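The values are calculated or read from the model by the stated rules, or taken from the named source; none is laboratory data. Model, not experiment: these values are computed from the prediction. So basically every Cβ, Gly included, is an ideal-geometry build from the backbone, and we count neighbours across all protein chains shown. These accessible areas exclude ligands, DNA and RNA; they are computed on the full protein's heavy atoms, side chains included. Shrake-Rupley method; radii C 1.70, N 1.55, O 1.52, S 1.80 Å.
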Amino acid sequence: METIDLFSLRTHFNRNRILLCFNGPISRSLIEEIGNALKNYLQAENAQPTAAMDVFSIYIEMTQNIRHYAQSRGYGDLESAATVIVARDAEERYLVQAGNIVEAADGEALLARVDALASMDKAQLKATYKTQLRQPRDAAATTGAGLGLIDVARKSSLPLKGNLSPIDEERAFFSLCAFI
Amino acid sequence: MNDLNIASSQSTPGIESDTNAGILRMHGDSYPENSFEFFDPIIQWIEDYLRLRSEALHLELRLVYMNTSSVKAMMDIFDMLEDAHGRGRAVSVAWYYDPRNERVLDLADEFREDCSFPFDIAAAPQ
């Protein structure tokens, strides 16, 4: 039996300055627990309270979006998995990156939405956010208000980066990266 | 009408109401997965208070982090207060924040932009 080379994995994490990572089915309580760990790491790193809150907030919106999407699509545990990373980059920014499996068509639409948001300045993002906030709530949707992605774009200090990797003809892996 | 007394949890704020004093207090973080479910009884209490009572209503807030679905629910609450204010009811909000974290000030300030009733935002060292 072949074992996983944990040391090379660790080296990879360290080289990429990954503070926290998660890969697997994600539950409501897991989001909270990982969020708690994230808060503690940021505090231990002496992050500015505003930066710490932005990182935490982006993490929450991204993971809750993934949960809501998986629920809306009726995905099982395996498909509801999320891949989440919080890291530092060379400019000492925090990177929050999260990805999940999506229907290929949804992925294309999402990517177009991310690109549209990435092209807006802060004033345009605020106006888009306020417009979305005023949209009547969809009676069938018990959860999101469609604000999460805009909120993430507003908090990111650089334009959001979205990516779509095809898995097969029907599905793809969508990932999103924000910067603090 | 019954008063609310909801203990805070990791992802939901603590809520206390005092019907006789006309005060509703909310404090802590708010990022439940289903915010509408969480905020439902609070919205109900405010509706009842505004319908059954004629005295003033004051919201005392020490909310810190809110996810976007909590923000949406909170906006529904401020819209109710705005309507009541338009009908001549005395309503007011005071939002206290830790001055070390200006994000809370930004959040409260953005809500206040859409409200014409008295809405104070004050730094309160923790």
Scope the range A:134-161; condition more than 11 Å from every other protein chain (Cβ to nearest Cβ), open to solvent by 30 Å² or more (accessible area, probe 1.4 Å) and either modelled with pLDDT of 95 or more or not in a loop (DSSP other than H, G, I, E, B) (or both); matching residues:
A:Ser157, A:Leu158, A:Pro159, A:Lys161
Can you confirm whether the range B:92-106 contains a residue that is over 19 Å from B:Ile15 (Cα atoms), hydroxyl-bearing (Ser, Thr, Tyr) and either in a helix (DSSP H, G or I) or at pLDDT 95 or above (or both)?
no
Can you pull out every residue in the range A:17-46 that is among the aromatic types (Phe, Trp, Tyr) and open to solvent by 70 Å² or more (accessible area, probe 1.4 Å)?
A:Tyr41
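Give the residue that is farthest from the chain's Cα centre (by Cα), with candidates limited to residues of the range B:91-108 that are open to solvent by less than 60 Å² (accessible area, probe 1.4 Å) and more than 12 Å from B:Val64 (Cβ to Cβ). Don't jump to the end; show me each part of the working.
The initial filter retains those residues of the range B:91-108 that are open to solvent by less than 60 Å² (accessible area, probe 1.4 Å), namely B:91-95, B:97-98, B:101, B:104-105, B:107-108.
Okay, now just the ones that are also more than 12 Å from B:Val64 (Cβ to Cβ), so B:91-94.
Values: B:Val91: 12, B:Ser92: 10, B:Val93: 7, B:Ala94: 9 Å.
Among them, the one singled out is B:Val91.
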Only one of B:Ala90, B:Ala124, B:Ala73 is within 12 Å of chain A (Cβ to nearest Cβ) and on the phi < 0 side of the Ramachandran plot; which?
B:Ala73
Could you please find all residues in the range B:1-23 being loosely packed, with under 12 Cβ neighbours inside 10 Å and either in a strand (DSSP E or B) or within 14 Å of chain A (Cβ to nearest Cβ) (or both)?
B:Asn5
Only unsatisfied item for A:Tyr59, checking (1) open to solvent by less than 30 Å² (accessible area, probe 1.4 Å); (2) more than 17 Å from A:Ala153 (Cβ to Cβ), is (2)
Name the single residue that is modelled with the highest pLDDT among those in the range A:59-92 being out of contact with any strand residue (DSSP E or B) (no Cβ under 9 Å at 6 or more places or on another chain) and among the polar types (S, T, N, Q).
A:Gln64
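Before we move on, is A:Ala127 free of Cβ contacts under 8 Å to residues at least 40 places away in the same chain and within 19 Å of the chain's Cα centre (by Cα)? Steps first, please.
Details: free of Cβ contacts under 8 Å to residues at least 40 places away in the same chain: yes; within 19 Å of the chain's Cα centre (by Cα): no.
So A:Ala127 fails the test.
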Of all the residues that make up the range B:28-48, how many are buried (at least 19 other Cβ atoms within 10 Å of the Cβ) and away from every other protein chain (no Cβ under 14 Å)?
2
State whether the residues of the range A:169-180 include one that is assigned to a loop (DSSP other than H, G, I, E, B) and within 14 Å of chain B (Cβ to nearest Cβ).
yes
From (1) modelled with pLDDT of 95 or more; (2) over 16 Å from A:Gln97 (Cα atoms); (3) not hydroxyl-bearing (Ser, Thr, Tyr), pick out the condition that doesn't hold for A:Phe56.
(2)
